[in-house]
Amino acid sequence: MPSVALLGATGSIGTQTLDVLRAHRDEFTLVALAGGQRLAELAATVNEFSVPAVAVRHEADATTIRGLVPTSTEILVGPAGLEELAGRADICVNAVVGFAGLSATLGALRAGRRLALANKESLVAAAPVVERVRQGQVIYPIDSEHSAIFQCLGESGRDDGYREVSRIILTASGGPFRTWPREDLQRITREQALRHPTWAMGAKITIDSSTLMNKGLEVLEASALFGIELDRVDVVVHPQSIVHSMVEYIDGATLAQLSEPDMRLPIAVSLGAPHRLAGGFGRMDFSKNVELTFEAPRWDDFPALRLAYDAGRRGHGAPTWLSAANEIAVEAFLDDRLAWCDIVPVVAATLDSYDDQELVTEADVWAADAAARDIARRVVAR
Ligand code: NDP
Ligand code: MG
């Protein structure tokens, strides 16, 4: 029975992964967990699944959780704890949010374990380093668009760089402001931005979806995951979030994956591939007048998308800076220190200070992330 380490267990993807594991109790065994602030929830999961090891962020958290779990539970701390647990199971589900997920991504790949990846930020921020550490290993995407592409690509073509794929078409819901007139985008509140039309997700990715930065990060994620150049990655807005993405081949055929918006399906795909787990999530009922529409993104009104392509073309640390500055700007918006319409300008202004440092080692990535955060904080404060 494959063992699973679930890192970021208390979040949106984490708890939906637990749902999938509950539905497949006889097929997987949960051997490691990690979480952030929600220690009571983390401890409850340790107890429910009798998990032998758990990682927390700080020593103080270790003391707190010690009182909530059996004495035999091993407790690890910090990025080193995350990295260690990522390499301990057959499958590492990286459901941590933000750059903090880097230790889990690298830990799983270094240990040669299956990486089931929700944490797109680590891949975007550290693409050249991940590419080297990965040594040809397949990464199993959880992000719904990338899972769709993974399913449409199949196993063939990987070795020749997907020569027969003419392009990948990522679908985007367009977020809550898809149809809003440009003037109204100046006065968006936290509550409006946190109300996603089709998906219930953690706060950071919900805000990223409202600015389309999420799609920008996903363009870079797709390129890194599948080794396909940015010029072969397109975006189309599809408000129903049923076609999760598409692959167009050189003969003109387009393959798509459809399901109701339910993250438990791509999670199950990442755990079970190449097999399909029985039961199922997100099954479609086509007798109910399903409407599927597609439209072009509003590039000028949602500038995050172009900014991400530009950062990707620049390469090296530019995506690291993009992602780090975005984390700082989103955090400031959620804290009411920044207006919604200033999130993407903060990222753009931070990138103006980026001077093309190379990313070779993991230390370079941590340094680039820290430098970008520092500048982004100053941009937010001014
Ligand atoms: P949440 O905010 O809901 O959850 C994030 C998880 O990460 C929580 O368990 C949190 O712990 C944990 N965490 C935060 N910092 C650390 C740390 N330093 N060490 C260990 N754990 C930490 O986010 P989501 O589940 O929405 O997103 C997770 C990732 O998946 C993101 O990268 C997102 O882009 C991606 N994703 C999410 C989708 C979704 O539907 N939610 C869809 C596609 C991709 P705690 O809550 O205890 O503080
Ligand atoms: Mg997605």
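The values are calculated or read from the model by the stated rules, or taken from the named source; none is laboratory data. Keep in mind that this is a model prediction, so the values were computed, not measured. We place every Cβ from the backbone using ideal geometry, glycine too, and count neighbours over all the protein chains shown. Surface accessibility is based on the protein's heavy atoms, side chains included, excluding ligands, DNA and RNA. Shrake-Rupley method; radii C 1.70, N 1.55, O 1.52, S 1.80 Å.
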Checklist outcome for this item: Per residue, accessible area of segment 3-118 with a 1.4 Å probe, heavy atoms of protein chains only, in Å², comes to 38 Å²
Checklist outcome for this item: For residue 40 and residue 68, extending 7 Å from Cα along the Cα-Cβ vector and measuring point to point gives, in nm, a value of 0.8 nm
Checklist outcome for this item: Taking placed amide H atoms and a strict 5 Å upper bound, the residues 5 or more places from residue 317 or on another chain that come that close are 357, 359
Next on the checklist: Only helices at least 18 Å long along their own axis, judged from Cα atoms, and with Kyte-Doolittle mean hydropathy of 0.5 or greater: name those in the chain from DSSP H.
Outcome noted: 213-226, 318-334
Checklist entry - In debye, nearest 20: dipole of segment 168-210 around its Cα centre with unit charges on the Cβ of K, R (+) and D, E (-)? => result 40 debye
Checklist entry - How much of the accessible area of the chain, in percent, comes from carbon and sulfur atoms when a 1.4 Å probe is used? => result 50 percent
Checklist entry - Applying the Karplus parametrisation 6.51 cos²θ - 1.76 cosθ + 1.60 with θ = phi - 60° to the phi angles of segment 25-30, what ³J(HN,Hα) value in whole Hz is obtained for each residue in order, glycine and proline being reported as x? => result 4, 8, 10, 9, 10, 8
Checklist entry - Distance from the Cα centre of segment 194-258 to that of segment 149-192, in angstrom? => result 2 Å
Checklist outcome for this item: Comparing 340, 321, 180 in a Gaussian network model of the chain (Cα, 10 Å), the one with the largest mean-square fluctuation is 180
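Report the FRET efficiency, 1/(1 + (r/R0)^6), for residue 26 and residue 258, where r is their Cβ-Cβ distance and R0 is 25 Å, rounded to 0.05.
Values: r = 29 Å, r/R0 = 1.15.
Computed FRET efficiency for residue 26 and residue 258 comes out at 0.30.
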Checklist outcome for this item: Projected onto their principal axes, the Cα atoms of segment 315-358 stretch, largest extent first, over whole-Å spans of 34, 14, 11
Checklist entry - Quick one: which of 188-195, 290-297, 8-15, 134-141 comes out on top by average Cβ neighbours within 10 Å, and what's the full order, highest first? => result 8-15, 134-141, 188-195, 290-297
Checklist entry - What list of ³J(HN,Hα) values in whole Hz, one per residue of segment 229-244 in order, does the Karplus curve 6.51 cos²θ - 1.76 cosθ + 1.60 (θ = phi - 60°) give from phi, with Gly and Pro shown as x? => result 4, 4, 5, 9, 10, 10, 10, 10, 8, 9, x, 7, 6, 10, 7, 7
Checklist outcome for this item: Rh (Kirkwood, all Cα-Cα pairs) for segment 66-130, Å, reads 12.2 Å
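Sequence gap at least 6, Cα distance under 8 Å: using those rules, report the relative contact order of the chain to the nearest whole percent. Don't jump to the answer; show the numbers that get you there.
Details: 718 pairs, mean separation 56.3, N = 382.
Relative contact order here is 15 percent.
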Item to check | All aspartates and glutamates inside 13 Å of residue 120 as judged from Cα atoms, apart from same-chain residues fewer than 8 positions distant | outcome: 143, 145, 208, 218, 221, 327
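What's the long-distance tail for the chain, i.e. % of Cα pairs beyond 31 Å? Walk me through the intermediate numbers first.
Values: 24479 of 72771 pairs.
It works out to 34 percent of all Cα pairs.
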Checklist entry - Given H placed on each backbone N at 1.01 Å, which residues far from residue 188 in sequence or on other chains put an amide H within less than 5 Å of it? => result 340, 341
Next on the checklist: Sorting check: for 53-66, 275-288, which peptide has the highest mean count of neighbouring beta carbons within 10 Å, and how do the rest follow?
Outcome noted: 53-66, 275-288
Checklist entry - At a Förster distance of 30 Å, what's the computed FRET efficiency of residue 287 paired with residue 90, Cβ-Cβ distance as r, to 0.05? => result 0.15
Next on the checklist: Let's see if you can work this out: charge +1 on each Lys and Arg Cβ, -1 on each Asp and Glu Cβ, no other charges. What is the dipole magnitude of segment 3-118 about its Cα centre, in debye to the nearest 20?
Outcome noted: 140 debye
Checklist entry - So for the pair residue 192, residue 352, with labels modelled 7 Å out along Cα→Cβ, what separation do we get in nm? => result 2.6 nm
Next on the checklist: Treating only the Cβ of Lys, Arg, Asp and Glu as charged (+1, +1, -1, -1), what charge dipole size does the chain show about its Cα centre? Round to the nearest 20 debye.
Outcome noted: 520 debye
Item to check | Amide proton proximity set for residue 30, modelled H, under 5 Å, gap of 5+ | outcome: 4
Checklist entry - Given labels modelled 7 Å from the Cα in the Cβ direction, how far is it in nm from residue 301 to residue 164? => result 4.0 nm
